[in-house]
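Encoded as structure tokens, the structure appears first; notes follow it.
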Amino acid sequence: MRWRQQVSWYSAFFNGVVFALIAGFVAGWISQRRDLVTGIILALIIAVPALASMVARPGQGALWSQTAALAFMAPASLVGDWIRFKKFLRT
């Protein structure tokens with residue numbers, strides 16, 4: 001793997017996780033719910049298309065982005081809503 005491709009992969013992975021975390025926090029903040037339903041819904045919005053993409057095209061192309069979305073980005077969105085929830089409980 002070339003150096004630039006490797007940096008690009010790491011950058012896409014890192015940015016995806018960070019922005020999923022931020023999205024979970026912001027979605028929970030906008031919804032103003034006293035539970036984690038918004039984070040769960042956002043995690044499903046991230047995970048279901050990734051899983052559908054993996055199932056629809058088995059063995060074709062790189063699966064790293066779908067796997068990263070399932071394993072890291074969807075849970076990160078739920079963690080973002082959980083952080084917002086814990087912050088809400090303190091106030």
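All of the numbers you see were taken from the coordinates with simple rules; none came from a lab. Computed from a predicted structure; not experimentally measured. Every residue, glycine as well, gets a Cβ built from its backbone with ideal geometry; the counts of neighbours run over all protein chains shown.
Things to note:
- Report note on the peptides 56-62, 22-28: ranked by the mean count of other C-beta atoms within 10 Å, highest first, their order is 22-28, 56-62.
- Here the 3J(HN,Hα) profile of the stretch 34-42, calculated from phi with Karplus coefficients 6.51, -1.76 and 1.60 at θ = phi - 60°, is 9, 9, 9, 4, 5, x, 5, 5, 5 Hz, Gly and Pro shown as x.
- Rg followed by Dmax, in Å, when the stretch 3-90 is reduced to its Cα trace: 14.5, 48
- On Cα atoms only, tilt of 3-31 relative to the major axis of the chain in degrees: 20 degrees
- Sequence of Val55, Val17, Val37 once ranked by neighbouring C-beta atoms within 10 Å, starting from the fewest: Val55, Val37, Val17
- Counting beta carbons within 10 Å around each of Leu44, Leu36 and listing the fewest first gives the order Leu44, Leu36.
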